[in-house]
Every structure is written in C-alpha cells, then in structure tokens.
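Here's the structure, in structure tokens; my notes come after.
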Amino acid sequence: MPVDRSLVARRVAMALAVAACLAQGAAWAEPVPASEAAQRGYQLLLQRQDSGCVLCHRIPGLPVGGDIGPSLEGLSARASAPEVRERIADPRRFNPLTLMPAYLSLTGLTNVAQAYQGKTILTEQGLDDIVAYLMQSDRVRP
Ligand code: HEC
C-alpha cells in the first residue's frame, strides 16, 4: 500500500506542534523566583497573627483566605505599588467606614492595650515586604 506522504507530514507537524505547546506550558508553569522582599512579605502573610490579611482576603499563593474583603488576585494589574501601600497603611483614606485595619497609623485608635500603645500593626519594612509580595503574587511562587 502506498504511503500517503502528505498525511505522514501532517501527523508529524501536529505532533511537533503539540510538543511545542507542552514545552511552552511547562515554561509558563515554572515560577519566577520571588525577590527577597517578596519572600519576607510572604512569610508575614502566612503568620496570621502578624498581618491578619488572610482572614479577609484571598491572596494568590497563600493556602488560606477569607471573603470579607475582595480577592487580591490580579491586584498588580489594577493598582500601582504606592497605591497598594497607601491603601494598607490607612484604608480609611479611601473608605472612612472600612472594616480593614490601618496597618501603619496611630490616629483614631481608642482603648489600645498598654503593650500595643505607640506601635503600628506593621513596621514600614513589613509593609514594604507585603507590598512586594502582592505586586508579584500572580507571577511567583515563593
Ligand atoms: C477585617 C478585614 C480585613 C483585613 C484584616 C484586611 N483587609 Fe484589606 N480590605 C478589606 C475590605 C472590606 C476591603 C474593601 C475596601 C474597603 O472596604 O476598604 C479591603 C481592601 C483591600 C485592598 C484593595 C483591594 C482592591 O481590589 O483594590 C487591598 C490591596 C487590601 N485590602 C490589602 C490588605 C492587606 C495587605 C491586609 C493585611 C496587611 C489587609 N488588606 C487586611 C478588609 C480587610
């Protein structure tokens, strides 16, 4: 029986295309290494008692997350790093009635326990690290 060369050629082309797709898929799935700041931010986010973000938000790469606030998936596409930082530092600037705590502010607090007086929830460094993770979290896995 004569071999239909065009059919063989088409099958080979198809197999090559599938292999190329699979190879590309593997490359896309390969995580970009997170920066050191983003890795520290990830650790802060994991320790619920230090940040509490996952009580209210789903965050890409984090194993747990809440639904009280919006999911932070795709955040870097809708906000810049300084905007995100300002939002976390004091969300009351955007919504005076927000449920979200002001992580870098001491104003407007009442009945603060002695041990916490004069201390913000996050340090400047901690906030910067969390912002670094959030801005990369759709692309990296720590
Ligand atoms: C008690 C619940 C709560 C906690 C804890 C909380 N948030 Fe929020 N967050 C909200 C809510 C609710 C909103 C929606 C806007 C608003 O009400 O201010 C929000 C909005 C945001 C936004 C804007 C989202 C967008 O899509 O633009 C960011 C970013 C954010 N939070 C980050 C954080 C980070 C980071 C932490 C931890 C350091 C945190 N939040 C902790 C409730 C919370």
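Can you tell me which residues in segment 89-120 are buried (at least 16 other Cβ atoms within 10 Å of the Cβ), in contact (Cβ under 8 Å) with a residue 24 or more places away in the chain and either part of a loop (DSSP other than H, G, I, E, B) or away from the ligand (no atom under 12 Å from the Cβ) (or both)? If the condition is that a residue be buried (at least 16 other Cβ atoms within 10 Å of the Cβ), in contact (Cβ under 8 Å) with a residue 24 or more places away in the chain and either part of a loop (DSSP other than H, G, I, E, B) or away from the ligand (no atom under 12 Å from the Cβ) (or both), then 100, 101, 103 are the ones that fit.
In segment 121-142, what residues are over 9 Å from the mean Cα position of the chain (by Cα) and in a loop (DSSP other than H, G, I, E, B)? Within segment 121-142, 121, 122, 123, 141, 142 qualify.
Is segment 9-32 home to any residue that is more than 9 Å from the ligand (Cβ to nearest atom), at pLDDT 65 or above and within 30 Å of residue 125 (Cβ to Cβ)? No, that holds for no residue.
Would you tally the residues in segment 53-68 being buried (at least 17 other Cβ atoms within 10 Å of the Cβ), near the ligand (Cβ under 6 Å from one of its atoms) and either on the phi > 0 side of the Ramachandran plot or part of a loop (DSSP other than H, G, I, E, B) (or both)? Within segment 53-68, residues that are buried (at least 17 other Cβ atoms within 10 Å of the Cβ), near the ligand (Cβ under 6 Å from one of its atoms) and either on the phi > 0 side of the Ramachandran plot or part of a loop (DSSP other than H, G, I, E, B) (or both) number 1.
Candidates are the residues of segment 69-88 that are of a type in the set (D, E, K, R) and near the ligand (Cβ under 7 Å from one of its atoms); the one that is nearest to residue 124 (Cα to Cα) is 87. Of all residues in segment 69-88, which are outside any loop (DSSP other than H, G, I, E, B) and more than 15 Å from residue 54 (Cβ to Cβ)? Within segment 69-88, 76, 77, 78, 81, 82, 83, 84, 85, 86, 87 qualify. Applying the criterion of being of a type in the set (Val, Ile, Thr) and under 16 Å from residue 82 (Cα atoms) to the residues of segment 124-142, the residue that is surrounded by the fewest Cβ atoms within 10 Å (Cβ to Cβ) is 131. Pairs meeting the criteria (first residue in segment 36-52 and more than 14 Å from residue 128 (Cβ to Cβ), second residue part of a helix (DSSP H, G or I), beta carbons under 7 Å, at least 6 apart or on different chains) are 48/54; 48/55; 50/44.
Looking at segment 93-105, can you tell me whether even one residue there is in the same structural domain as residue 42 (by TED's automatic domain parsing), under 20 Å from residue 57 (Cβ atoms) and aromatic (Phe, Trp, Tyr)? Taking every residue of segment 93-105 in turn, at least one turns out to be in the same structural domain as residue 42 (by TED's automatic domain parsing), under 20 Å from residue 57 (Cβ atoms) and aromatic (Phe, Trp, Tyr).
The values are calculated or read from the model by the stated rules, or taken from the named source; none is laboratory data. No experiment lies behind these values; they were computed from the predicted model shown. Methodologically, a virtual Cβ is constructed for each residue, glycine included, from the backbone with ideal geometry; neighbour enumeration extends over all protein chains shown.
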